[in-house]
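Below you'll find the structure, written out as structure tokens, and then a few comments.
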Amino acid sequence: MTTTPTIDPEADLITEVATKFAKRALCVFAHPDDLEFTCGGTVAKLCAEGWDVHIVVTTSGNKGTKDPEVTPQQLAGEREEEARNAAAILGAREPVFFGFPDGGISNDDELRALVTRQVRLHRPELMITWDGFRPGFNHRDHRYTGAAVHDALYPSSDDHLYFPLDKEEGLEPHRPAAMLLTGAGTPDYDVDIQRHLRTKIRSVLAHTSQMRGRSEREMRLMYEDRARQAKAAGQAGPLYRESFGKVIFRR
Ligand SMILES: [Zn+2]
């Protein structure tokens, strides 16, 4: 008889998933630069440690501009290209774009079916997404993307009667071992990203249409300044970090 491994909630989550399950992650975000800003250092670390990281972007980010000349179609193409470049810098797979318009998604059957299919296709053991239930002001695309991922993982992805067309394609039910939430209301998990800060910054800067000519040096100084302030304030834990809420499905 085989027993399913469990995750020790007191141990380091990423290490637990890597050693007891598999180094497969799926990141689902709303806009082409969400991942790089919120968890680019963590994704760089995973890739450097041999994880297979897939990325989904639910909207094309096709309204995020102040340029009066640009059309949504032009902007979508540009921003998808930037996201492909950023993923290559991090060492992740080429992103999949669901192509919903900016501000135009809902946590509905269509989005949940698309997320569920990606989960069954790639069989990640670690999921990374927005905290869709954070109280207070939050972008609707972040909120709905996060909530749709929650709902796709529980119950849809692991119950074969949800979205049964996947089965006809040979995709079996699956639920990851754990999930990390960015922009979390109550973060309870830190990833030390100091060794991957340069890669994170380079991935953020790959979003040239959003960065208005900012330099690598300028961004490094900003993070160093933030780390100095954290140290002066006596902050516990890593000075260069990305913080998440953690959800453990296998405990
Ligand atoms: Zn966003």
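The values are calculated or read from the model by the stated rules, or taken from the named source; none is laboratory data. Quantities reported herein were computed from a predicted structural model and do not represent experimental measurements. No Cβ is skipped: glycine too gets one built from the backbone with ideal geometry, and neighbour counts run over all protein chains shown.
Within the stretch 39-56, the set of residues being surrounded by fewer than 24 Cβ atoms within 10 Å (Cβ to Cβ) and assigned to a helix (DSSP H, G or I) comprises K45, C47, A48. Remark: A92 falls outside the filter, which requires a residue to be touching a Gly at 6+ places or on another chain (Cβ under 8 Å) and either within 16 Å of the ligand (Cβ to nearest atom) or of a type outside the set (D, E) (or both). Would the stretch 106-124 turn up any residue that is more than 14 Å from the ligand (Cβ to nearest atom) and farther than 20 Å from Y162 by Cβ? Within the stretch 106-124, none of the residues are more than 14 Å from the ligand (Cβ to nearest atom) and farther than 20 Å from Y162 by Cβ.
When the residues of the stretch 23-62 are narrowed to those that are of a type in the set (A, V, I, L, M) and within 13 Å of the ligand (Cβ to nearest atom), which ends up nearest to K200 (Cα to Cα)? Working first, answer last.
Here is the first cut: in the stretch 23-62, the ones of a type in the set (A, V, I, L, M) are 25-26, 28, 30, 35, 43-44, 46, 48, 53, 55-57.
Restricting the remaining residues to those that are within 13 Å of the ligand (Cβ to nearest atom) gives 28, 30, 35, 57.
Values: V28: 17, A30: 18, L35: 10, V57: 18 Å.
Within the stretch 23-62, the match that is nearest to K200 (Cα to Cα) is L35.
For the stretch 200-251, a tally of residues being closer than 30 Å to R175 by Cβ and part of a helix (DSSP H, G or I) returns 2. Condition test on R143, is it within 16 Å of the ligand (Cβ to nearest atom) and either surrounded by 21 or more Cβ atoms within 10 Å (Cβ to Cβ) or closer than 18 Å to C27 by Cα (or both)? Taking the combined requirement at face value, the residue satisfies it. The number of residues in the stretch 11-30 being touching a strand residue (DSSP E or B) at 6+ places or on another chain (Cβ under 6 Å) and either modelled with pLDDT under 95 or assigned to a loop (DSSP other than H, G, I, E, B) (or both) comes to 1. Of the residues in the stretch 176-198, not one is away from the ligand (no atom under 16 Å from the Cβ), in contact with a strand residue (DSSP E or B) (Cβ under 7 Å, 6 or more places away or on another chain) and part of a helix (DSSP H, G or I). S156 meets each of the listed conditions (1) within 16 Å of the ligand (Cβ to nearest atom); (2) touching a Phe, Trp or Tyr at 6+ places or on another chain (Cβ under 6 Å) apart from (1). Scanning the stretch 159-176 for residues that are crowded, with 17+ Cβ neighbours inside 10 Å and either free of Cβ contacts under 8 Å to residues at least 40 places away in the same chain or within 15 Å of T129 (Cβ to Cβ) (or both) yields R175, P176.
Please enumerate the residues belonging to the stretch 57-77 that are at pLDDT 95 or above and either surrounded by fewer than 23 Cβ atoms within 10 Å (Cβ to Cβ) or acidic (D, E) (or both). Reasoning before the result, please.
Here is the first cut: in the stretch 57-77, the ones at pLDDT 95 or above are 57-59.
None; the set is empty.
Is it the case that some residue within the stretch 102-123 is among the acidic types (D, E), surrounded by 16 or more Cβ atoms within 10 Å (Cβ to Cβ) and at pLDDT below 95? Yes. Output the residue which, of all residues in the stretch 127-140 that are away from the ligand (no atom under 16 Å from the Cβ) and among the hydrophobic types (A, V, I, L, M, F, W, C), is surrounded by the most Cβ atoms within 10 Å (Cβ to Cβ). Step by step, filter the stretch 127-140, then rank; the result is M127.
Taking residues in the stretch 63-80 that are more than 16 Å from the ligand (Cβ to nearest atom), and partners anywhere that are among the β-branched types (V, I, T) and in a helix (DSSP H, G or I), not one pair has Cβ atoms closer than 8 Å while being at least 6 places apart or on different chains. Can you find even one residue in the stretch 82-91 that is free of Cβ contacts under 8 Å to residues at least 40 places away in the same chain and surrounded by fewer than 18 Cβ atoms within 10 Å (Cβ to Cβ)? Yes, because at least one residue in the stretch 82-91 is free of Cβ contacts under 8 Å to residues at least 40 places away in the same chain and surrounded by fewer than 18 Cβ atoms within 10 Å (Cβ to Cβ). Of the conditions (1) surrounded by 14 or more Cβ atoms within 10 Å (Cβ to Cβ); (2) out of contact with any helix residue (DSSP H, G or I) (no Cβ under 7 Å at 6 or more places or on another chain); (3) modelled with pLDDT under 95, S209 satisfies every one except a single condition; which number is it? Result: S209 passes all but (2).
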